[in-house]
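Written out below as structure tokens is the structure these notes cover.
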2 protein chains.
Amino acid sequence: MAEQTKAARRTPLTRDRVLRAAVVLADDIGIEALSMRKLAQELGVVPMALYKHVANKEQLLDGMVDVVVGEIEPPVAGADWKSAVRRRILSARRALVGHSWAAQVIRTRSGPTPAVLAYMDSVIGMFRTGGFSVDLTHHAMHALGSRMMGFTQELFDASPGPDPRTRPARPQEDAGEYPYVRELAGAVAHDEGSVVGQGCDDQFEFEFALDLLLDGFERLRRQGWSSAGRSGGRTT
Amino acid sequence: MAEQTKAARRTPLTRDRVLRAAVVLADDIGIEALSMRKLAQELGVVPMALYKHVANKEQLLDGMVDVVVGEIEPPVAGADWKSAVRRRILSARRALVGHSWAAQVIRTRSGPTPAVLAYMDSVIGMFRTGGFSVDLTHHAMHALGSRMMGFTQELFDASPGPDPRTRPARPQEDAGEYPYVRELAGAVAHDEGSVVGQGCDDQFEFEFALDLLLDGFERLRRQGWSSAGRSGGRTT
DNA sequence: ACCTGAACACCGTTCAAGT
DNA sequence: ACCTGAACACCGTTCAAGT
């Protein structure tokens, strides 16, 4: 009877339930604080029970990425390549927003998960059907880098983290040091936030850089650019 | 006498010696395997001895970043803004190459260390003296993001890591899935490496994207671009 | 056959006891 | 006053003992 009460208290564990709980927990307490033990506790389960559904923590992280990436809206049909790619990337950005850990976790995976691969495939397809050569598409994908998935490629994580006390004190800006940094920080005119990555309109900065790259791609496509003549080309 | 032998066996610990040993150790065993305890052992010292020179592990990582960033060559004088910025960024890239952990560590710092701030100041200065408005400089710095420090902003870490066994098996590419990924991967014509981030000429990809951005900046500068008319502008 | 508690080999860091 | 061993509160994961 006692066991029955315990068993009934929770719907049975599934891989999906484990992954979704992990996503929520990481959203709440941050990715660096997410542990197998805390996740188990959150699910009202003994730690070892998780290992029936994920082989190890790495696989848990892979699964979490797939949950988030799976929420990206499907591509819209019938548009020129540039607005199609632009919309797809901005919709990826919308899906990943709110999961501040996602960028870092995706980047530290040793390879793409199936959902990421499917997403990449759709973006590559937009370039190809838009008249890009395989060669130029390849370099465009590299140039986009993780911006392809909607991450801002800032120098520092904008996420304040759970413990603002560990934040290093703003360096002495009263001294004449870093005059250009000061000028720029002053012009942004936000009293809070780090020099780069905060106190700014992230969405604007993201689209600014994205459009700069997309316009560059379009220019190269029109002039039939190819990497064939690059220095030190194919040696094999 | 015994103590004297022990004391003489090692030159006395300094903050600098601790940081340099940490850099070498991270290069060797990877950043995720670097621990205070292993570092102490490497230095022939009890773990707690390190805490005389760094307050905690976070400060150790800050110090490691400064060691690496401090090795970036100083800027060259007397060039147009574009080649000056280009050279500075490529020299940062040279300094960080070989420290595959540096990109990730810099990004996860909650703010810039002094050496990073000094570097950023010099880059910002190049834009400003090159005729860029504060406004455009600001957005250009965001668009460069961590590429400003010479990182490739790839979607996945190219570093294979110490344990290639944990690498997820390449997804089934025999099936008709991911046709565009397959086409692109085939064209790159390297049998080893992940879809994006490996088996490619990293330096070429880096310069390709960098030049695309720099050319875009120059175009905007010439036409006197300003963000003043942006949608939903300053609301305060 | 399934589940799970204890245990193992780590971590960063505190703190009190030694010199 | 300085240094440091043991201890604390964690980790991911193994494994053998229980049902």
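Bear in mind these aren't lab numbers, they're just calculated from the coordinates by the rules spelled out. Just so it is clear, the structure is predicted and the values come from calculations on it, not from any experiment. As a convention, Cβ positions derive from the backbone with ideal geometry for all residues, glycine included, and neighbour counts pool all protein chains shown.
Computed quantities for the displayed model
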| quantity | calculated |
| --- | --- |
| Per-residue average of Cβ from other chains inside 10 Å of A:63-71 | 0 |
| Across the identical copies, how the A:Phe204 labels are spaced - nm, sorted shortest first, 7 Å along Cα→Cβ | 3.8 |
| Sorted by Cβ neighbour density within 10 Å, fewest at the top, the residues B:His99, A:His142, B:His53 | B:His53, B:His99, A:His142 |
| Identity and axial distance of the chain B residue whose Cβ lies nearest the axis relating B to A, Å | B:Gln153, 2 |
| Count, lysine Cα pairs under 23 Å in region A:1-120, 8 or more residues apart or across chains | 4 |
| Distance between region A:116-139 and region B:79-117 - C-alpha centres, whole angstrom | 30 |
| Kirkwood Rh in Å, taken over all unlike Cα pairs in region A:1-156 | 17.3 |
| Cα pair distances exceeding 21 angstrom across region A:23-103, given as percent | 41 |
| For A:213-224, mean number of other protein chain Cβ atoms within 10 Å | 2 |
| Distance histogram in 5 Å bins (all Cα pairs of region A:13-68, percent per bin) | 4, 22, 38, 28, 8, 0 |
